[in-house]
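See below for the structure under consideration.
Where a number appears in this text, it was derived from the coordinates with a stated rule and is not lab data. In this text the structure is predicted, and so the values were computed from the model without any measurement. When we count neighbours, we look across all protein chains shown, and the Cβ atoms used for this are built from the backbone with ideal geometry, even at glycine.
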Amino acid sequence: MNELSRPKATKSARSQKPASEQQAQPSGQKQTRRVEMRVRPTAPILPPSNIQGNALMVVIAIMAFLACLTLGAVSMVRATASSWQSQISREITIQIKPDDGLDMDAALKKARDLALTFVGTREGTIMDESATARLLEPWLGTGLNLADLPVPRLVIVTIDEQNPPDFAGMRDLLKTEIPQAFLDDHRTWVDRLVSMAHTTVLIGMGVLVLVFTAMILTVIFATRGALSGNRHIVEVLHFVGAESTFVAGEFQKHFLKISIKGSAAGGALAAAMFALANMWQANSLATPESDQASALFGSFTIGMGGYLGIFATMIVIALLTTLTARFTVMRTIDEIDLIRSDPARSDGLSAS
Amino acid sequence: MIHFENVGLRYGMGPEILRDMTFDIPKRSFQFLTGPSGAGKTTLLRLLFMSLHPTRGIIHMFGRDLSQIPRPELPMLRRRVGIVFQDFRLLDHLTTYENVALPLRVRGKEESSYRNDVIELLKWVGLGERINVLPAVLSGGEKQRAAIARALMDQPEILLADEPTGNVDPPMARRLLNLFLELNRLGTAVVIATHDLALMDQVDARRMILTEGRLDIYE
C-alpha cells in the first residue's frame, strides 16, 4: 500500500467542524466537555462472557480435573511400584535345600562367603533356625524341629542397587560349589512390577490422550459456535480491514482467558483432592481403612513433582485451547471469506 | 482510481445480477449510485469493496488488477476504502469512541497514539458529547454519524455509503449529505448508494443509475 498516495488533508481540516455541524454543538460547557474527553479503558472486541463461554469454562475445568487426576494417579502408582521394586531388589536370597550328607551350617557359611566375594554385595545374613521357624510358623505352628523336616535354609545378601553384582556368575559359582544352592535375585518379581508400572503409565497416557482429544474437539465446537454467535463482529472487522490473523488473535485472547480460568479451577480442585486424601491418610494411620488404602495405592502424597505436573497440565490445557481456537478461527474465517467472495457459493441474500 | 471493464456477476446458477459494467471512479469524485430496490446497488458496492469477486470482467483497484491480488493482501487494500451501511453495523458492547477507533485498533496501533484523533473526528461529526455512550442509546442520526466517522477514521481514498440516509429524517439526511460533501471537498472520493431522489436533487453530482443489472451514467 502506498501511504504517500493517500489523502492527508482530512485530519488538518477536521479541526474545523463542517458548517452543517456547527449548530449541532452546544455552546460553552467547557467543564462538562473536559470530563467527557475521558474514555473508559478499551473494552475487548469480543464480549467478555456469555453462557457459551461459561459452559466451556466448566467443560475445561472438568477436563483439567480429570487430566490432573489421571496424572496424579499415574505418578502415585509409579512411586508405589518403584518403592516395592527398590525394596525387593535391595536383597537377594540364596536358598539351600537339605540333602543327605550335606552339612547345612557349613553350606550356609560357604554360600554366604562365596556371595560376599562378588563386587556389589554388602553383607550376608544366615537365617538361623529360630528365624526360619518363625517364617514357617503361620503354616506349621510353633515348636517346630527343623531337623525333622526337609526345610530349605536361607542366606539373605544385601546388595548395592546402583552397582549390583554379577548374578549369573554368582549363580554358576554357587551351583559348582554347592549343588543344593539356588540363587533367587527376585528378578521375576521386579520384572512383573516394572511391567505393571509401565502398563499403568500407558493406561494413564491413554486416558490423558482421550481427555485432551475430547477437550480439543469441545474447543473446536465452542470456537465455531462463538464464531457463529459473533458473526456480526467478524463481519464488522472484515469491513474495517482486519486481517484474519487479527480476528484469530481476538478469539485466541478470549479463549485463553476462559481456558486459564477453567484449567486453574480443575487443577486446583485435583490438587486439593490429593492434599485432602493425604491429610486423611496421615490422620487415620493404623486404621483398617487407611492400611487397606495404603496397601492398594501406597501413599496419597504426590509430592512437589506431582503438583508441578498438575501446574504443567494446566499450562498445556491453556495452550492447547488457545492454539485450537486460533487454528479453528483462521480456518473458519478463510472459509467465510471464500464463500462471501465467491458469487457461485453465495446465496445472494445480502444483495439488493 | 477504480476501473470496471465488462464486469458481470451472477449468484450461483441464477441470472446475471450485474451486466457489462464498464465505468471509472476518479479520484476526488462525488457520485450517487441509484436504482430501484433489488437492482444490485449493494452487490456493486460489495464489488467496489473487494468483498465479492465478479463472475466475469476485469476490476482495477488503485491501479492493480483485482484478479491478480492474493487473498491475504486484500485487507490491506480494503483499508483504503471506507464503507458505511444503512444498518450502521456498530458493535453494541463498544462505546461510540471504541467503535470509531476500531479501524485503527485492527491495524495494531496503540490507543494512546490515536485517542486525540478519534475524539477530534467525533467532534467533527458532531458526536463530541457522545464519546462514552453505547450505540443502544444513540439516535438513528447519531449512529449513522458514528458509522461514517468509523469509515473515515483511517482517511480512506474512497468512501462507499449504502443508503446512509435510509434511517434518518430529512433534516438529518441533509446534514449527513453536507458531511459527505465536506469530506469530498477535502479530497475523498464518495459513492452514495440511494434511491432518495430528494437527496440527489440537492446536489449537482454524477449519477450512476442501475436498472435491471445495467448501468447508465449521467455526468
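Cut-off 10 angstrom, C-alpha nodes, Gaussian network model of chain B. Which of B:Glu120, B:Glu142, B:Glu157 fluctuates the most?
B:Glu120
Set the bar at 24 Å for Cα to Cα. Now go through B:Lys41/B:Lys109; B:Lys27/B:Lys109; A:Lys109/A:Lys175; A:Lys257/B:Lys109; A:Lys253/B:Lys143 and name every pair that lies beyond it.
Among B:Lys41/B:Lys109; B:Lys27/B:Lys109; A:Lys109/A:Lys175; A:Lys257/B:Lys109; A:Lys253/B:Lys143, the Cα-Cα distance tops 24 Å for B:Lys41/B:Lys109; B:Lys27/B:Lys109; A:Lys253/B:Lys143.
Averaging sequence separations of C-alpha pairs under 8 Å and six or more residues apart, then dividing by the length of segment A:84-212, give the relative contact order as a whole percent.
Reported as a whole number, the value is 40 percent.
Can you compute the charge dipole magnitude of segment B:91-154 about its Cα centre, using +1 on each Lys and Arg Cβ and -1 on each Asp and Glu Cβ, nothing else charged? Give it in debye, rounded to the nearest 20.
100
Starting from the Cα of A:Lys97, draw a straight line to each of the aspartates and glutamates and keep only those under 18 Å, dropping any in the same chain fewer than 8 residues away.
A:Asp105, A:Asp113, A:Asp128, A:Glu129, A:Asp148, A:Asp172, A:Glu177, A:Asp184, A:Asp185
So if R0 is 51 Å, what FRET efficiency would A:Leu102 and A:Arg78 give, r being the distance between their Cβ atoms, rounded to the nearest 0.05?
Efficiency at R0 = 51 Å is approximately 0.70.
Return the whole-Å distance between the Cα centroid of segment B:200-218 and the Cα centroid of segment A:187-207.
Centre-to-centre distance over Cα atoms comes out at 81 Å.
Pick from B:Gln202, B:Gln68, B:Gln155: which is most flexible by mean-square fluctuation in a GNM of chain B where alpha carbon atoms under 10 Å apart are linked?
B:Gln68
If each of A:Ala268 and B:Asp92 carries a label point 7 Å out from its Cα toward its Cβ, how far apart are those two points in nm?
Rounded to a tenth, the inter-label distance reads 3.2 nm.
Could you give the angle, 0 to 90 degrees to the nearest 10, between helix B:96-106's Cα long axis and the longest principal axis of the Cα atoms of chain B?
For B:96-106 against chain B, the angle is about 60 degrees.
Given a Förster radius of 45 Å and the C-beta distance between B:Ile209 and A:Phe212 as r, what FRET efficiency does 1/(1 + (r/R0)^6) yield to the nearest 0.05?
Calculated transfer efficiency: 0.15.
Under the rule of at least 5 residues apart or a separate chain, name every residue whose amide H is placed under 5 Å from the amide H of B:Ile83.
B:Leu160
Rounded to the nearest 5, what is the percent of antiparallel bridges among the DSSP beta bridges in the protein assembly as shown?
65
For A:Thr142 and A:Lys253, calculate 0.36 nm times their separation in residues minus their Cα-Cα distance, and state this gained length in nm to one decimal.
32.5 nm
Taking R0 as 25 Å, what's the FRET efficiency between B:Arg28 and B:Ser67 from their Cβ-Cβ distance, rounded to 0.05?
The computed FRET efficiency comes out at 0.40.
If you plug each phi of segment A:251-262 into the Karplus form 6.51 cos²θ - 1.76 cosθ + 1.60 with θ = phi - 60°, what whole-Hz ³J(HN,Hα) values come out, in order, with x for Gly and Pro?
Result, rounded to whole Hz: 5, 4, 4, 4, 6, 4, 4, 4, 6, 5, 4, x.
Could you work out the mean count of beta carbons from other protein chains within 10 Å of each residue's beta carbon in B:115-124?
Mean partner-chain Cβ count within 10 Å for B:115-124: 3.
Note down the net charge around A:Glu129, summing +1 for each Lys or Arg and -1 for each Asp or Glu among other residues with Cβ under 15 Å from its Cβ.
-2
Under 8 Å for C-alpha pairs, at least 6 residues apart: give me the relative contact order for chain B, rounded to a whole percent.
Worked out over chain B, it gives 30 percent.
Mind checking which of B:Met61, B:Leu18, B:Leu77 is farthest towards the positive end of segment B:1-85's charge dipole, using Cβ charges of +1 (Lys, Arg) and -1 (Asp, Glu) about the Cα centre?
After comparing all options, I get B:Leu77.
Remind me, relative contact order of segment B:91-154 in percent, using alpha carbon pairs under 8 angstrom and six or more residues apart?
Worked out over segment B:91-154, it gives 51 percent.
Nearest 500 deg cm²/dmol is fine: what mean residue ellipticity at 222 nm does the protein assembly as shown get from its DSSP H runs of n ≥ 4 alone, each adding -39,500 (n - 2.57), divided by its residue count?
Using -39500 (n - 2.57) per qualifying helix, the result is -17500 deg cm²/dmol.
Quick one: angle between helix B:170-185 and the longest Cα principal axis of chain B, in degrees between 0 and 90, rounded to 10, please.
80
Want the number for B:Ser37 to B:Glu16: 0.36 nm per residue separation, take away the alpha-carbon distance, what's left?
Result: 6.0 nm gained on full extension.
Between A:Val201 and A:Ser86, 0.36 nm times their residue separation minus their Cα-Cα distance comes to what?
Once the chain is fully extended between A:Val201 and A:Ser86, it gains 39.6 nm.
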